[in-house]
1. Sort out for me the helices (runs of 4 or more DSSP H) sitting completely within the stretch B:158-208 that have 1 or more residues that are over 35 Å from the mean Cα position of the chain (by Cα) and either within 11 Å of DNA strand C (Cβ to nearest atom) or crowded, with 20+ Cβ neighbours inside 10 Å (or both).
2. Go through A:55, A:20, A:76, A:72 for me and flag whichever is open to solvent by 20 Å² or more (accessible area, probe 1.4 Å) and under 18 Å from residue A:105 (Cβ atoms).
3. Just one of B:94, B:115 is in contact with a helix residue (DSSP H, G or I) (Cβ under 8 Å, 6 or more places away or on another chain) and either at pLDDT 80 or above or among the β-branched types (Val, Ile, Thr) (or both); which is it?
4. Do you know which residues across the stretch A:154-183 are within 12 Å of another protein chain (Cβ to nearest Cβ), β-branched (Val, Ile, Thr) and free of Cβ contacts under 8 Å to residues at least 24 places away in the same chain?
5. Mind listing just one residue for me: the one in the stretch A:58-69 that is modelled with pLDDT of 80 or more and out of contact with any Ser or Thr (no Cβ under 9 Å at 6 or more places or on another chain) and, of those, most open to solvent (accessible area, probe 1.4 Å)?
6. Kindly state which helices (runs of 4 or more DSSP H) lie completely within the stretch B:6-82 and contain at least 2 residues that are charged (D, E, K, R).
7. Give the residues of the stretch A:184-208 that are at pLDDT 85 or above and more than 10 Å from chain B (Cβ to nearest Cβ), sorted by residue number.
8. Pull up the stretch A:184-209, narrow it to residues that are basic (Lys, Arg) and in contact (Cβ under 8 Å) with a residue 40 or more places away in the chain, then point me to the one that is nearest to DNA strand D (Cβ to nearest atom).
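The values are calculated or read from the model by the stated rules, or taken from the named source; none is laboratory data. Since this is a predicted model, take the numbers as computed values, not measurements. As a convention, Cβ positions derive from the backbone with ideal geometry for all residues, glycine included, and neighbour counts pool all protein chains shown. In case anyone asks, the SASA skips ligands and DNA or RNA and just uses the protein heavy atoms, side chains included. Shrake-Rupley method; radii C 1.70, N 1.55, O 1.52, S 1.80 Å.
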Number of protein chains: 2
Amino acid sequence: MTPSIRVALVEDNARLREQLAQFIAAAPGFACVGACADAATALATLPAAAPEVVLMDIRLPGMSGVECVARLKARLPEVKVVMLTAYDDSETILQALENGASGYLLKRTPPADLLRSIQEVQNGGAPMNSHIARLVVQSFHRRGSSPRSCENLTTREEEVLRLVAQGFINKEIAESLGISLETVRQHLKNCYAKLHVRTRTEAAMKVFR
Amino acid sequence: MTPSIRVALVEDNARLREQLAQFIAAAPGFACVGACADAATALATLPAAAPEVVLMDIRLPGMSGVECVARLKARLPEVKVVMLTAYDDSETILQALENGASGYLLKRTPPADLLRSIQEVQNGGAPMNSHIARLVVQSFHRRGSSPRSCENLTTREEEVLRLVAQGFINKEIAESLGISLETVRQHLKNCYAKLHVRTRTEAAMKVFR
DNA sequence: CGATTTCTCCCCCGAACGGGGTATGGCCAG
DNA sequence: CTGGCCATACCCCGTTCGGGGGAGAAATCG
């Protein structure tokens, strides 16, 4: 027989976690190699457990599931992560997908469908419901059409940030635009505030992909 | 009864076009308001026909379906376009989605499913098969995090750079990876040398665009 | 086996960055 | 005309970054 798919869980609700763990462990072709209650535990223990698929609650105490996906994928690039949630939290779900999640399921998904989705994601699929599919495609439209993610930036701010994205340091940007170094810094401060980021790299990636 | 959904076709195969047109026209709740053989005809006649949903072959003589979507959406921003194709042409499909297509179906889709998909897209959905869903999500990963031109980077270097691209500062990356700050710095120095860049932002943009 | 690569850690130091202020002039809308 | 937004410019201060060294352990390659 083919080896079982190694599955791990990250779910703070103890009852649901145990329930899922036992169900997966009992299912033929599936093995439960981990069941964590929070993101910190997951990051600490899952690299050693080497799961192939991780089911992760999108709402976790402490570090969010989204943040956890990003960090987990940084350490285990091959792992496939399927987010679990009780609600259709659009914004969070898109962030999770951007951070490396491969699929999205509702917690109320019937167990049989859950197993099918695990197999699907293991085979390179992307299980998600139609609602999420729509969000994803809409997001695609935004990226495809010229308007970037943030139109609240002034033309000058965007101009400065574009040069930042090309790797120039502030001094070079100042010379390039014929303005003072301090002014460049001021524009960037405004960018950070508007984009809710703390570094030039984060701002550049957010606006210019 | 609710008004019929106004559907138009763009399909160069005359036989398939007529077949689909008659099927849609005959279906209760659907109306076929146009059936064009090429992109030029579609752009000329569809604005007057005012369809709500357009089924468009992705391979057309002359102007491609992808290009046609972009131009059609420019004139009819509200129209929903579902691409039809016989093959899984990944690259083309993603371009179509970026240009404003809302869904993607195989030509061999059963007629009943076709009607259901038209309704789905009319209601704001995004009909697509699981294969396309996977492509879309993978593309998402690339935008969020996934390497491109970094064959010379080691796995660790790439791992560090991915976190850099997410806006983390070295100290946070060190904690996240469970290594020393100095080691993170060392990996980044190697990245800069290999990528021929001088700043973290430039490196991040170069590898993760 | 030795050589190379990879990952890890440490030092110094100057430049660059980010956050906190403050301020002036131009322009436009209410 | 007054308030708000924008672009410009400057200060201080602590943190972060990038380049320059050096070095050891493990894995991999030839």
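1. Numbers: elements: B:170-177, B:181-195, B:200-208.
Helices (runs of 4 or more DSSP H) meeting the threshold: B:170-177, B:181-195.
2. The match here is A:20.
3. B:115
4. A:169, A:173, listed by residue number.
5. Out of the qualifying residues, it is A:60.
6. Values: elements: B:14-26, B:39-49, B:65-75.
In the stretch B:6-82, B:14-26, B:65-75 are the helices (runs of 4 or more DSSP H) which contain 2 or more residues that are charged (D, E, K, R).
7. A:184, A:185, A:186, A:187, A:188, A:189, A:190, A:191, A:192
8. A:194
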